[in-house]
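No lab work stands behind these numbers, since they all come straight from the coordinates. Worth saying up front: this structure is predicted, and the values here are computed from it rather than measured. No Cβ is skipped: glycine too gets one built from the backbone with ideal geometry, and neighbour counts run over all protein chains shown.
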Amino acid sequence: MSSRNPSDSKSRPFPWPCADCYTLTVAPTVMDYTARVKHDGVVYDLRLLSLEVPRCQTCGETYITTAVDEQVRDALRSLLQLLTPAQIRRGVEKLGLKQQELAERLGVAPETPPCLVGLRRLLVSPLMITNDFAEMPPFRNPPTTTQHRRATLV
């Protein structure tokens, strides 16, 4: 599988040239796709059914695009019941918190970008936004050994 990120299919029409066999045969293909994603020290094998992925019709090389990556992230969020960045923003806005206040409640430096705060703390549980951040769980330390979990998503 190619680690190169060709432009999104929305801005670049198919067929694309294949980086491996140099033919002009990369086209969207609906297929079952397995992605290995690491989150908080745990490796998840996500099997996404009927995912549209750019694939070379000659040699079979597949390409990860921004659209594919977003679908994998959305599947992981769904599996782990994590908040989306938009849900985090709405929750913080609803509470009327400034960055300094949010940082104090979360126990992070005020200079920490909100996106990183969201990744480390707010995505842990959807209840944090609705509970006014009243009972913030401590940072979860990554496990000393990597755990593996498998999930099939439709």
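Multiplying the residue separation of Thr29 and Gln81 by 0.36 nm and removing their Cα-Cα distance gives an extension gain of 15.9 nm.
Each residue of the range 48-53 was assigned a 3J(HN,Hα) from its phi angle through the Karplus curve 6.51 cos²θ - 1.76 cosθ + 1.60 (θ = phi - 60°); the sequence is 9, 8, 6, 8, 8, 10 Hz, with glycine and proline shown as x.
Computed extension gain for Thr62 through Arg12, at 0.36 nm per residue and net of the alpha carbon distance, reaches 16.4 nm. If the chain linking Arg149 and Arg36 were pulled fully straight, counting 0.36 nm for each residue of separation and taking away their Cα-Cα distance, it would gain 39.7 nm. Under the simplified labelling scheme, the Lys94-Asp74 pair shows an inter-label distance of 2.2 nm, with each label point 7 Å from Cα along Cα→Cβ.
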